[in-house]
Amino acid sequence: AELDTLDILVLSVILLGTVAYFTKGTLWAKQKDPYANPAYLNGNANRVGRTRNFVEKMEESGKNCIIFYGSQTGTAEDYASRLAKEGKSRFGLETMVADLEDYDFDNLDTLPSDKIAFFVLATYGEGEPTDNAVEFYEFLNGEDVAFSQGGGAEDAPLDNLHYVAFGLGNNTYEHYNSMVRDVDRLLTKYGAHRIGNAGEGDDGAGTMEEDFLAWKEPMWAALAAHMGLEEREAVYEPVFGIVEREGLTPESPEVYLGEPNKMHLEGASKGPFNAHNPYIAPIAQSYELFKVKDRNCIHLDIDISGSTLSYTTGDHIAIWPTNPGDEVDRFLRITGLTDKRHQVITVKALEPTAKVPFPTPTTFDAIVRYHLEIGAPVSRQFVSTLAAFAPNEEIKNEMTRLGSDKDYFHEKTASQLLNIARLLEHVSNGETWDKIPFSAFIEGLNKLQPRYYSISSSSLVQPKKVSVTAVVESSMVMGRKDPFRGVATNYLLALKQKQNGDPDPSPFGLTYELHGPRNKYDGIHVPVHIRHSNFKLPSDPAKPIIMVGPGTGVAPFRGFVQERAQQARDGINVGRTILFFGCRKRTEDFMYEQEFEEYKKALGDKFELVTAFSRETSQKVYVQHRLKERSAEIGELLAQKAFFYVCGDAANMAREVNTVLTQIIAESRGVSEAKAEEIVKNMRAANQYQEDVW
Ligand code: FAD
């Protein structure tokens, strides 16, 4: 039969398709995207092919100031960028921001004395360095540190090094700001010279931002005096350029619509899965543990069987959230970007040492939805920066006032838990802020951070299914029509609602793009990675354990008890297992009640659940009261080297428990409180006392 034109057309298309299939599209793929960002070739390609010598890097790029950060949740990184920006705009310093994990430190002794290094260091958990600062810290702490020019401690090998230091800590932890304190001590020990005070910010007191602001002014004055810098009128200079890509649409395969890196863009996610590369995990099941009025607590089982991920009981899982659609819309509306939201853009660092914090080409919508922390509290300094771009003079004056007056700022904005878009809306009364360069947001807002959850299952019982127990963050705020809602927990709630086909999902929940970029999260998936922790059961199951975990603090202990129940069923000799659990009312928020009864059947007298219900009696009863009531028994068990665990609220509960424990030890051993405190310290050092608090 003759072929007509249509047949020929169809055949050609099929042929083209076949060629495309077998060549994976390489035949007509563009040679190389001139705007491509090499940092995102894969999960951690930014390490490949770059120098690890920071002195050389500074030399090459004409910098005289390097700002290192050790950051876990992004705040230290944010402060580092802000210092870099301010150093440049106010004092003409040639600054660069540097991730501690990207460089080696044996040549700290070769930084010329007319240059300066900043260390912005968060302390994580029990006085540990953040993940990206581990190598740096181990190097400085090494028994026999060897600097490149061979000097030992006595010869003050770092005599050339001038540095500035700021720490981010939490006074509710035992080792408050130990990272900055240790590093400062070690640098001084090796002869380096600190400029200004070593600042300390306190997250526990909720004053981090203000501590930082109060520290940096005298520091700048000291640094200016030391380096002979002259202050000038700060002018905003963007760090990133935005290039509109006319040839590309959101459908173009090379455009990132929220995919975290190139591997995700190109296909199924491949391991290793870590803080740079999440696994898109199916949620096996999800349900409500309790719901009282607006307070929800949810349980999720996340299936990691399709991945190389593994965990052991007591580890943490990180959930990578997506911003809620209505807040994304609000942000795009107030910044005048609604019409352009799907415009494909490339973001380019305008100077060689800056890193674009997400892969591009992408769209404004994807950046705001998947990569920027648009829900977080706004820093006062950022408000000052934005004043210059106000729609009119009056709004500008108001922004300047908010930026400079701490109390006024608190009263007007912070007390209402406003995020950036809400703050801009509030100050301009809804008028659009279309003069703000988009770069300012990339610089001024944090990267959207994964949230950590204490895994609430046992790896012995369900090695490929990770349980999460999360209470949904939602609170009514005076002066606001709608409640404040936490980012990750409401995202999880929305996933739970979708999975269960809940008849009445909240309107807020409905706005999440739960199917993810290019529908890659469809069928109820959530991006995750796992972080191993030191919060562990004793290796000998016969050792007694005492656990204190009120509220969601019970999470890891569900895992601990689940594990011991299984061991008991397997005929293993399990030691005494006491769990102190507290909540408001037995009938309201007593989670896993039935499950604990099942574990009790397996463990018999070995297991005891001690409960404290704070709202059932006129006198509030908390876990620490129950602990006190059981002083004699606890003292006895501790003498038998029982392990003692605390999980949950760092600010109040963990402290009170620590105090009660000290009293118990003082009484049971007949020693002074001071001596008992020392014993508790030693227990911590020996891992006999472990905390998992947040
Ligand atoms: P976010 O949006 O991050 O808000 C959290 C808080 O930040 C708010 O309550 C508010 O105080 C403040 N905030 C946010 N935005 C603003 C604003 N615009 N203005 C002012 N203040 C603001 N949680 C659990 O439920 N279960 C667990 O097992 C658990 N384990 C954890 C283990 C570890 C090691 C850590 C570090 C944390 C753990 N958490 C756990 C807490 C959890 O990681 C999250 O912090 C929590 O779920 C809230 O996340 P979110 O994104 O919903 O809220």
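The values are calculated or read from the model by the stated rules, or taken from the named source; none is laboratory data. Bear in mind that the values here come from a model prediction, so they are computed numbers and not experimental data. Cβ: placed from backbone, ideal geometry, glycine included. Neighbour counts: every protein chain shown.
Which residue is modelled with the highest pLDDT, if the candidates are limited to the stretch 386-430 and must be within 13 Å of the ligand (Cβ to nearest atom) and touching a Gly at 6+ places or on another chain (Cβ under 7 Å)?
So the residue we want is N419.
Do the conditions hold for S286, that is, is it surrounded by fewer than 21 Cβ atoms within 10 Å (Cβ to Cβ) and small (G, A, S)?
In short, no.
To keep it simple, each residue is scored yes or no on (1) buried (at least 20 other Cβ atoms within 10 Å of the Cβ); (2) hydrophobic (A, V, I, L, M, F, W, C); (3) over 25 Å from H299 (Cβ atoms).
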site: F557; (1), (2), (3): yes, yes, no
site: A568; (1), (2), (3): yes, yes, no
site: A602; (1), (2), (3): no, yes, no
site: K628; (1), (2), (3): no, no, yes
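Out of all the residues in the stretch 455-468, which are closer than 28 Å to A76 by Cβ and not in a loop (DSSP other than H, G, I, E, B)?
V466, V468
State all residues of the stretch 531-551 that are within 15 Å of the ligand (Cβ to nearest atom) and among the aliphatic types (A, V, I, L, M); if no residue qualifies, say none.
M547, V548
Restricting to the stretch 198-212, what's the tally of residues that are of a type outside the set (A, V, I, L, M, F, W, C), closer than 27 Å to L108 by Cβ and assigned to a helix (DSSP H, G or I)?
So the count comes out to 1.
If V528 meets every condition in (1) of a type in the set (A, V, I, L, M); (2) within 15 Å of the ligand (Cβ to nearest atom); (3) closer than 30 Å to R576 by Cα apart from one, which number is that one?
For V528, the exception is condition (3).
Tally the residues that are out of contact with any Asp or Glu (no Cβ under 9 Å at 6 or more places or on another chain), in a loop (DSSP other than H, G, I, E, B) and among the hydrophobic types (A, V, I, L, M, F, W, C), restricting the search to the stretch 164-197.
Here the count works out to 1.
From the list V554, V574, which residue is within 30 Å of L460 (Cα to Cα) and away from the ligand (no atom under 12 Å from the Cβ)?
Step by step, each of V554, V574 is checked, and only V574 is within 30 Å of L460 (Cα to Cα) and away from the ligand (no atom under 12 Å from the Cβ).
Residues to consider are K543, K496; find the one that is over 22 Å from D589 (Cβ atoms) and either surrounded by fewer than 23 Cβ atoms within 10 Å (Cβ to Cβ) or in contact with a strand residue (DSSP E or B) (Cβ under 7 Å, 6 or more places away or on another chain) (or both).
Of the residues listed, the single one that is over 22 Å from D589 (Cβ atoms) and either surrounded by fewer than 23 Cβ atoms within 10 Å (Cβ to Cβ) or in contact with a strand residue (DSSP E or B) (Cβ under 7 Å, 6 or more places away or on another chain) (or both) is K543.
Filter the stretch 457-478 down to the residues that are farther than 13 Å from R558 by Cβ and within 15 Å of the ligand (Cβ to nearest atom), then identify the one that is surrounded by the fewest Cβ atoms within 10 Å (Cβ to Cβ).
Across the stretch 457-478, the extreme among qualifying residues is M478.
Among what's in the stretch 316-364 and is of a type in the set (D, E, K, R) and within 21 Å of the chain's Cα centre (by Cα), pick the residue that is farthest from Y69 (Cα to Cα).
My answer is E327.
Would the stretch 444-454 turn up any residue that is assigned to a helix (DSSP H, G or I) and away from the ligand (no atom under 11 Å from the Cβ)?
Scanning the stretch 444-454 turns up at least one residue that is assigned to a helix (DSSP H, G or I) and away from the ligand (no atom under 11 Å from the Cβ).
Go over the candidates V623, V646, V693 one by one and state the one that is modelled with pLDDT of 95 or more, buried (at least 20 other Cβ atoms within 10 Å of the Cβ), out of contact with any Pro (no Cβ under 9 Å at 6 or more places or on another chain) and under 25 Å from H175 (Cα atoms).
Checking each option against the conditions leaves just V646.
With respect to E513, determine if the residue is closer than 21 Å to L309 by Cα, among the acidic types (D, E) and touching a residue at least 60 places away in the same chain (Cβ under 8 Å).
The answer is no for E513.
If R684 satisfies all but one of (1) buried (at least 19 other Cβ atoms within 10 Å of the Cβ); (2) in contact (Cβ under 8 Å) with a residue 60 or more places away in the chain, what's the number of the condition it fails?
Tallying (1) buried (at least 19 other Cβ atoms within 10 Å of the Cβ); (2) in contact (Cβ under 8 Å) with a residue 60 or more places away in the chain, R684 fails exactly one: (1).
Looking at N141, N132 in this structure, which one is of a type in the set (S, T, N, Q) and closer than 13 Å to L187 by Cα?
N141
Cβ-Cβ distance below 9 Å, separation of 6 or more or different chains: which pairs start in the stretch 60-85 with a residue that is over 14 Å from A122 (Cβ atoms) and end on one that is within 16 Å of the ligand (Cβ to nearest atom) and among the polar types (S, T, N, Q)?
R82/S379; R82/Q381
Is it true that S148 is at pLDDT below 95 and small (G, A, S)?
When the stated conditions are applied, S148 passes them.
Report yes if some residue within the stretch 129-141 is over 22 Å from A650 (Cα atoms), of a type in the set (A, V, I, L, M, F, W, C), buried (at least 18 other Cβ atoms within 10 Å of the Cβ) and out of contact with any helix residue (DSSP H, G or I) (no Cβ under 6 Å at 6 or more places or on another chain); otherwise report no.
So far as the stretch 129-141 goes, no, none of its residues is over 22 Å from A650 (Cα atoms), of a type in the set (A, V, I, L, M, F, W, C), buried (at least 18 other Cβ atoms within 10 Å of the Cβ) and out of contact with any helix residue (DSSP H, G or I) (no Cβ under 6 Å at 6 or more places or on another chain).
Answer yes or no as to whether A612 is surrounded by 18 or more Cβ atoms within 10 Å (Cβ to Cβ) and in a helix (DSSP H, G or I).
Taking the combined requirement at face value, the residue does not satisfy it.
Within the stretch 284-302, does at least one residue satisfy the condition of being closer than 29 Å to T362 by Cβ, modelled with pLDDT of 95 or more, over 21 Å from the mean Cα position of the chain (by Cα) and not basic (K, R)?
No; the residues of the stretch 284-302 include none that is closer than 29 Å to T362 by Cβ, modelled with pLDDT of 95 or more, over 21 Å from the mean Cα position of the chain (by Cα) and not basic (K, R).
Going through the stretch 585-621 one residue at a time, which ones are in contact (Cβ under 8 Å) with a residue 60 or more places away in the chain and either closer than 16 Å to I545 by Cα or touching a Phe, Trp or Tyr at 6+ places or on another chain (Cβ under 7 Å) (or both)?
E588, D589, M591, A612
I need the strands (runs of 3 or more DSSP E) fully contained in the stretch 476-593, keeping only those with at least 1 residues that are closer than 30 Å to A376 by Cα and among the small types (G, A, S).
Answer list for the stretch 476-593: 577-583.
What's the number of the only condition in (1) assigned to a loop (DSSP other than H, G, I, E, B); (2) among the aliphatic types (A, V, I, L, M); (3) modelled with pLDDT of 95 or more; (4) under 35 Å from the mean Cα position of the chain (by Cα) that L638 fails to meet?
Against the list (1) assigned to a loop (DSSP other than H, G, I, E, B); (2) among the aliphatic types (A, V, I, L, M); (3) modelled with pLDDT of 95 or more; (4) under 35 Å from the mean Cα position of the chain (by Cα), L638 comes up short only on (1).
Tell me whether the stretch 479-488 contains one or more residues that are under 19 Å from the mean Cα position of the chain (by Cα), buried (at least 22 other Cβ atoms within 10 Å of the Cβ), small (G, A, S) and within 12 Å of the ligand (Cβ to nearest atom).
Yes.
Could you list all residues from the stretch 410-431 that are surrounded by fewer than 20 Cβ atoms within 10 Å (Cβ to Cβ) and assigned to a helix (DSSP H, G or I)?
Matches in the stretch 410-431: H410, E411, K412, A414, S415, Q416, E425, H426, S428.
When the residues of the stretch 402-459 are narrowed to those that are of a type in the set (V, I, T) and over 30 Å from Q562 (Cβ atoms), which ends up farthest from the chain's Cα centre (by Cα)?
T432
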